[in-house]
Amino acid sequence: MLSLRIGYNALTTSGQTFSSANKLRAAVCSLCDFEFAKVRAMATTTTTQPVVIRIPRRMQIQMENDDMKRKRVQKVNTVRPGKLLIVSKNPKLNQSVGHALGKFEQPLLTSKGWKHSKSFGDYFTVNNTKDVAPFITERPQEEKEEATSKTVTFKSFKLLPEIVEALARDNIIYPTTIQLKAIPKILHGHNVIAAAETGSGKTLSYLLPIIHKLKEERAAEEYSQREPQIGCVILVPSRELADQVTSVAKALCNPFGMTVKTVGGGRGVGAIKQTFRSGPPDILVATPGALCKALRRHCLHMSELTFFVVDEADTLFDPSFVEMVEDILSHTQVASSPLETKGPGRKAQLVVVGATFPGGVEDILSQVTDVGSIVTIKSQMLHFLMPHVKQTFLKVKGEDKLLELRQALKVAEQDGSGVLVFCNGSSTVNWLGYMLEDLGVRHVRLQGEMPAALRAGIFRSFQKGLVNVLLCTDIASRGLDTQRVKLVINYDFPESHTDYIHRAGRVGRAGSSMDGAVLSFVTHPWDVELVQMIETAARRRSSLAEVKSAFRKPAPKNMNSN
């Protein structure tokens, strides 16, 4: 009888090859069965020597390694006692808060097979792991407990008493983390880049020290001997955000008799000139297009500014705005050190804030100031998924999204909280509005193609609670304060991680007294790729490294004078 090795050699030398260990193993098993059959037949007829069947050593090692790998994968258990971080439709893909992935361990993703047509109806939820937003600083344990010497309040910054009293009337006593870091630096005259998660109170972080320093400057004798000039220009990307910043600034400036004016989009040159007819305001809040018009018509001069603020920097330095921003910066004398912000011939102090911190900011700012002297303040949770907001991702067919939306709105109607529904295009906002009208859902719409006169007041009516559902594009995702919003619905999944962070940041904001949640409908294959990156970051508890804007690099200066 031929041994198995001879049969194996005959098989391999006959020109047959095997592409995997599984095919090789199947062939050997078939040979084994053949040899065993012969042995049994011979045993029934004659008594022979015991037959030893040998398997090639290399094949044994391969089979053992395959078994070990299979056992190792099966031993990975991501579920531990306690609260779950990831809840999936398939319980085997759940992950506990107490489970930490190894450095080289690949997470088992619920969304791995979401590009397949059979995955519709699947879902997973990233549960909130904290009850309080990470940007909230420590508070006394009891409301009646007196603040200790270690407890930092706005009084600790030695701001003007009128400012502290105005904050206290709105029950704003303790600074957030970004305010704690940024306010002292701005008070000391540093140029500052502040990047922190959405809803962390960045507007107050620059308004408070600016109003404090402007009031001190206007109280000095030398100021009364010169012509009034604009003290601060705050540049924002949208008219809605301009109106919001203006309302906050007016409330803080009223005790000092300081003026705040707005120059926003959708206004003609006549309206812009009318804004400055009564004299330059102390603080001007402007959108890029309107401010460029005002500069071209010589309605204002920015050569003697005390402060220049770029709010929502990741949007304003985007290619759609960057040329206008560079033009505006060219009209401004920006200081390169705190010493240049004092005395005669002083230059403007620069403050740049945003919810994301993409690359390319320094390249643009280097044209007007010394980037090395800028103080950069970054939040520890920058570009992370918010740990205090519950986030659900649902794989759903396009034709089923309207039904899922209606069901989610029914649940939200029970507590009367605000709901933001985001779409990627203005046409989708309009179409979805018609559908909700047919279903009897009361709502308002906000999108960039609306005339400025029509947009005015829409968001304000939503903030006041006159209507609870706002259909919008990403125009409402940047900077707008939405403390009454409890649910954000991504009817269209956002086109980038940056957009997702901004949309999700409309809930769980500083000063909000309610829990927040985000519901995202995932339909297209290109949506799945973004979802997989988000799920990986959630399971690893890491940042979304892909958060960046496609900044246009500044063109090289022309060294040839001819």
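What follows is calculated from the coordinates using simple rules that are stated; it is not laboratory data. A quick note: this is a predicted structure, and the numbers were derived from the prediction, not measured. So basically every Cβ, Gly included, is an ideal-geometry build from the backbone, and we count neighbours across all protein chains shown.
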(message) Along the charge dipole of segment 178-378, pointing to its positive end and built from +1/-1 on Cβ of Lys, Arg, Asp and Glu, which listed residue (V368, G199, Q274) has its Cα farthest out?
(response) Q274
(request) Run the dipole for segment 178-378 about the Cα centre, Lys and Arg Cβ at +1, Asp and Glu Cβ at -1, nothing else charged, and hand back the magnitude in debye, nearest 20. (result) 620 debye
(message) Skipping prolines and chain starts, which residues have an amide H placed within reach, meaning under 5 Å, of the one on V334, given they are 5 or more residues away or on another chain?
(response) A348
(request) For segment 236-354, build the charge dipole from Cβ charges (+1 Lys, Arg; -1 Asp, Glu) around the Cα centre, then report which of T315, P288, G343 sits farthest towards its positive end. (result) G343
(request) In whole Hz, with x marking every Gly and Pro, tabulate ³J(HN,Hα) for segment 487-492 from phi via Karplus 6.51 cos²θ - 1.76 cosθ + 1.60, θ = phi - 60°. (result) 9, 10, 10, 8, 4, 9
(message) How would segment 278-326 be classified by its alpha-carbon gyration tensor: rounded, prolate or oblate, with rounded meaning a/c under 1.5 and the a/b versus b/c comparison settling the rest?
(response) prolate
(request) Find how many whole Å separate the alpha carbon centroid of segment 342-368 from the alpha carbon centroid of segment 166-220. (result) 16 Å
(request) Would you order M386, M68 from fewest to most other beta-carbon atoms within 10 Å of each residue's own beta-carbon? (result) M68, M386
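Using a Förster distance of 60 angstrom, determine the FRET efficiency expected from the C-beta separation of K83 and A271, and round it to 0.05.
0.65
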(message) Checking the cross-link filter: which aspartates and glutamates have an alpha carbon closer than 14 Å to that of K342, excluding same-chain neighbours under 8 positions apart?
(response) E216, E217, E222, E304
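Once you have a ≥ b ≥ c as the square roots of the Cα gyration tensor eigenvalues for segment 178-378, tell me rounded if a/c is under 1.5, and otherwise prolate or oblate according to whether a/b is larger than b/c. It would help to have the intermediate numbers written out before the result.
On the way: a/c = 1.31, a/b = 1.09, b/c = 1.21.
Note, shape of segment 178-378 comes out rounded.
Rounded to two decimal places and with Rh computed the Kirkwood way over Cα pairs, what is Rg over Rh for segment 298-444?
Details: Rg = 22.6 Å, Rh = 19.8 Å.
Rg/Rh for segment 298-444 comes to 1.14.
How would you rank Y434, Y174, going from fewest to most other Cβ atoms within 10 Å of each one's own Cβ?
On the way: Y434 8, Y174 18.
By the 10 Å Cβ count, ascending: Y434, Y174.
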(request) May I ask you to evaluate 6.51 cos²θ - 1.76 cosθ + 1.60, the Karplus curve with θ = phi - 60°, for each residue of segment 423-431 and list the ³J(HN,Hα) values in order in whole Hz, giving x for glycine and proline? (result) 10, 7, x, 5, 5, 5, 4, 5, 4
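Where does each of W526, W431, W114 land when they are ranked from fewest to most other beta-carbon atoms within 10 angstrom? Please report the intermediate quantities before stating the final value.
Values: W526 10, W431 14, W114 24.
Ranking W526, W431, W114 by Cβ neighbours within 10 Å, fewest first, gives W526, W431, W114.
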(request) With r as the distance between the Cβ atoms of K103 and D66 and R0 = 35 Å, compute the FRET efficiency 1/(1 + (r/R0)^6) and round to 0.05. (result) 0.90
